[in-house]
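Taken together, the values in this text are just the output of simple stated rules run on the coordinates, not laboratory data. Not measured: the values here are computed from a predicted model. For neighbour counting, all protein chains shown are included, and Cβ atoms are generated from backbone atoms with ideal geometry for every residue, glycine included.
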Amino acid sequence: MVNNTYLHLIDDLLMGLARDYALVLGMPGTGKTTTIAHIIQALVSQGKSVLLTSYTHTAVDNILLKIKDENFGILRLGSRLKVDADVVTIPWLVLTYSVDSP
């Protein structure tokens, strides 16, 4: 479920009213992951590129799992030890690993 604030953000991004970037902030359970997944799907369908970053690997992987059934390429950068096992099985995903610390 996406709350009204996030719906306005999606509309603004798709209509070109937002800046070149968007920060999606909120308490747990407010629909951030779902909102970001919708934004990525919509922007890619318009032929745009998307850079997704987060403070945690888990947050990035949760969004990738939400869009795993879409048919567009994704490059996932990160530590081999921190990429979710379910993300590794996404067939269209290209994984590039950083050097892991011992």
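Dipole magnitude for the chain: about 120 debye, using +1 per Lys or Arg Cβ and -1 per Asp or Glu Cβ, origin at the Cα centre.
To test your reading of the geometry: what angle, between 0 and 90 degrees and rounded to tens, separates the Cα axis of helix 32-45 from the longest principal axis of the chain? With rounding to tens, the tilt is 90 degrees. Size of the chain from its Cα atoms: along the principal axes, largest to smallest, the extents are 44, 31, 23 Å. For the range 54-67, putting each phi into the Karplus relation 6.51 cos²θ - 1.76 cosθ + 1.60 with θ = phi - 60° gives couplings of 7, 5, 10, 5, 4, 4, 5, 5, 4, 5, 4, 5, 5, 10 Hz, in residue order, rounded to whole numbers and with x for Gly and Pro. Think of it as helices only: each DSSP H run of n ≥ 4 in the chain is worth -39500 (n - 2.57), and spread over all residues that comes to -11000 deg cm²/dmol at 222 nm. Coupling constants for the range 75-81 follow from the phi torsions by the Karplus curve (6.51 cos²θ - 1.76 cosθ + 1.60, θ = phi - 60°), and in residue order they are 9, 10, 9, x, 6, 4, 6 Hz; glycine and proline get x.
When you restrict to C-alpha pairs under 8 Å that are six or more residues apart and normalise by the size of the chain, the relative contact order lands at 21 percent.
Per-residue Cβ neighbour counts within 10 Å put His57, His8 in the sequence His8, His57, beginning with the fewest.
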